[in-house]
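Structure record follows, encoded as structure tokens.
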Amino acid sequence: MSAKVPGSAGLPLLGDRSYEFYKDPIKFQHKYMENTKSRVFLARFLNKPTIFVGSNHVVHEVLTEHSNKMELGYKQFWFEIFGDNVLFSDGEFADSLRESLKQLFTEEAIETYQSTIERIVKKSLSNLDTGQPLCIYNLFKRLAIEVCLGLFLGLDFSQPEADVIADLTITHWHGIISVPLAVKVPLMSESTYSKAMDAKRKLLEIIHQRRIDKRHEFVERVEGLGSLTEESVNNHLLLFTSALVPKALSSILTSFVIETGSPDQVDTQSSLLHDEALLERVLLEVLRLYPPFFGGRRVVTEDFSAGGFRFPAGHGVLYMTYTAQRDRAVFEDPDTFNPDRWTHKNANDRERLYCFGMGPRKCVGQNLVSTILKTVIRELLEKYTWEMVADQDLPCKCLPVYRPRNQVLVKFKSSMGQDSGYLTSPGSPLSPACPNCKKFVMPSPQGSKEAVENEIGVRRENGTIPGCTCSCEGVSPMKRTSH
Ligand code: HEM
């Protein structure tokens with residue numbers, strides 16, 4: 001016999017808690033979990049009795065075992081602004097759409113996108129201003145917009161039209177975030193919304209034109225999806241090019257740089273470049289503590305029980321990724337950033353992360369996201385070291401994506417400029433340790449042994465301290481850490 005979920009749905013409209021939730025989702029979840037003494041609680045949200053799920057085990061059960069008894073809860077708000085697509089479909093139709101879309105994101109498909117991603121990332125990060133602190137959220141958002149529009153529409157950001165299209169995706173996006181608020185306060189966002197609809201129309205025209213031109217591999221692959229109608233192809237391209245994706249990418253990259261940017265992390269930065277497993281663990285921990293999306297919504301279509309609770313038909317469900325990923329039932333000391341947990345207690349718990357959803361409606365773009373993130377991070381690690389500007393106040397906000405509320409300022413230093421060579425961790429066959437500072441010189445970006453030796457040779461000729469191959473100039477490693 002399953003129990004009623006603790007909490008109250010209150011009266012229609014009067015008892016609605018949407019405003020309180022949108023104002024501060026983290027405070028909201030703490031308050032109601034505390035009041036009900038439960039990680040699964042009931043409240044009225046978007047004027048519907050809604051079960052908020054912050055228990056890691058219950059999120060898993062709901063998303064994997066009961067997916068067919070719920071529909072995705074986004075159609076009511078976003079259908080008009082996006083047009084029909086997989087996010088608004090359910091049942092067998094959604095399954096078949098997903099099967100088609102997955103072909104765009106297979107390992108083999110992603111390999112064909114790699115050179116485009118690399119080209120854009122290298123160009124964008126080739127010349128970071130190392131003279132002054134940079135606001136990293138904006139930096140990464142711009143980079144991610146260029147990657148996404150370059151990849152999905154074949155745009156070239158040396159052409160002015162690309163910026164116009166990027167601006168359209170942002171105007172379109174503003175319509176998306178205005179909708180739940182507009183539901184709460186009718187007409188509040190009318191002009192934002194109509195501008196967004198106008199942007200949608202223009203974007204669809206552009207997408208249509210890019211498809212005719214067929215100038216790059218992603219669009220060609222999309223044309224190969226015979227099972228999708230013309231309209232469906234266009235609407236999915238509109239979904240992929242939405243500003244939501246760059247925002248989420250930027251959110252993750254920002255969290256990554258913050259976590260690896262404290263003064264004591266410089267050695268970690270150099271290790272990350274060569275230790276794929278460590279990079280993987282750090283990324284898992286970034287995704288666990290700072291998921292870009294606070295959670296996801298469903299509407300129950302058929303009664304079921306999960307975690308011992310009743311989920312009645314007609315109720316909304318909000319799975320709270322942020323909360324579930326900090327559930328101490330799965331993650332010991334859950335608020336601590338500890339990448340090593342992924343080799344010890346949580347070695348087999350990747351399925352306990354929900355930042356890309358879980359179960360049959362999991363994100364189809366997850367592997368592409370991972371490729372983009374790693375390409376950006378490797379490029380950063382190869383070219384720069386970074387350090388957070390001291391004494392920054394970094395309160396975070398969760399909506400629409402998780403990110404620090406204020407600018408996050410980070411000082412980048414060119415690895416080349418600083419050390420006239422790249423620093424790396426021990427173990428590389430090409431890494432002669434500097435007898436003075438014990439650091440290691442790694443291959444040049446081209447990676448050839450000759451290139452490294454030439455580089456070292458040049459420095460010796462230029463009169464660097466005898467025996468020191470990394471131009472540390474005799475300064476001790478301790479002093480050199482304050483990057
Ligand atoms: C950092 C970037 C991204 C994050 C954090 C993310 C996260 C998510 C999440 C949490 C879901 C599940 C929503 C739910 O359960 O209600 C989802 C679904 C989806 N994602 Fe992503 N996503 C990202 C990037 C992408 C990209 C690049 C694409 C494709 C180009 C993509 C395509 C999709 C699609 C089509 C779905 C819907 C699947 C369905 O309805 O069955 N996502 N994503």
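The values are calculated or read from the model by the stated rules, or taken from the named source; none is laboratory data. Quick caveat: nothing in here was measured; it's all calculated off a predicted structure. Note: ideal-geometry Cβ built from the backbone for every residue, glycine included; neighbour counts use all protein chains shown. Accessible surface is based on the protein model in full, side chains and every heavy atom, while ligands, DNA and RNA are left aside. Shrake-Rupley method; radii C 1.70, N 1.55, O 1.52, S 1.80 Å.
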Worksheet item: Amide H of S38: which non-local residues (sequence gap of 5 or more, or other chain) have their own amide H closer than 5 Å, using H built in the peptide plane?
Response: none
Practice prompt. Subtract the Cα-Cα distance of N127 and R201 from 0.36 nm times their separation in residues, and report this length gain in nm to one decimal.
Written response: 23.1 nm
Response to the item:
Taking R0 as 60 Å and r as the Cβ-Cβ distance between F93 and D267, the FRET efficiency 1/(1 + (r/R0)^6), rounded to the nearest 0.05, comes to 0.70
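Of the listed peptides 78-91, 293-306, 390-403, what is their order by residue-averaged count of other C-beta atoms within 10 Å, with the highest listed first? Could you put the intermediate results ahead of the total?
Working: 78-91: 17.3, 293-306: 19.0, 390-403: 15.0.
Answer by packing, highest mean first, reads 293-306, 78-91, 390-403.
What is the extension gain from E302 to N47, computed as 0.36 nm multiplied by their sequence separation minus the C-alpha to C-alpha distance, in nm to one decimal? Don't jump to the answer; show the numbers that get you there.
Details: separation 255, 0.36 × 255 = 91.80 nm, distance 1.95 nm.
Extra length available between E302 and N47 comes to 89.8 nm.
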Worksheet item: Setting aside same-chain residues fewer than 8 positions from K122, which aspartates and glutamates have a Cα under 13 Å from its Cα?
Response: E146, E379, E382
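Which entries of K214/K374; K123/K374; K31/K75 have Cα-Cα distances beyond 20 Å here? Don't skip to the answer; put the middle values down first.
Values: K214/K374 28 Å; K123/K374 16 Å; K31/K75 29 Å.
Table pairs above 20 Å Cα-Cα are K214/K374; K31/K75.
Work the Kirkwood hydrodynamic radius out for the range 284-363: mean of 1/r over every pair of different alpha-carbon atoms, inverted, in Å.
When all Cα pairs of the range 284-363 are included, the Kirkwood radius is 13.8 Å.
How big is the C-alpha Rg of the range 229-369 next to the rule-of-thumb value 2.2 N^0.38 Å, as a ratio? Spell out each step's value before the answer.
On the way: Rg = 17.8 Å, N = 141, 2.2 N^0.38 = 14.4 Å.
It is 1.24.
Could you tell me the relative contact order of the range 1-51? Use alpha-carbon pairs under 8 Å, at least six residues apart, and round to a whole percent.
Values: 62 pairs, mean separation 25.4, N = 51.
Worked out over the range 1-51, it gives 50 percent.
My understanding is that a pair violates if its Cα-Cα distance is over 19 Å; which of K102/K362; K27/K362; K23/K200 do that in this structure?
On the way: K102/K362 11 Å; K27/K362 27 Å; K23/K200 28 Å.
As for pairs spanning more than 19 Å Cα to Cα, those are K27/K362; K23/K200.
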Practice prompt. For the range 296-362, with all protein chains present and a 1.4 Å probe, just round the carbon and sulfur fraction of the accessible area to a whole percent.
Written response: 44 percent
Worksheet item: ³J(HN,Hα) across the range 159-168 via Karplus (A = 6.51, B = -1.76, C = 1.60, θ = phi - 60°), whole Hz, x for Gly/Pro?
Response: 9, x, 4, 5, 5, 4, 5, 4, 5, 4
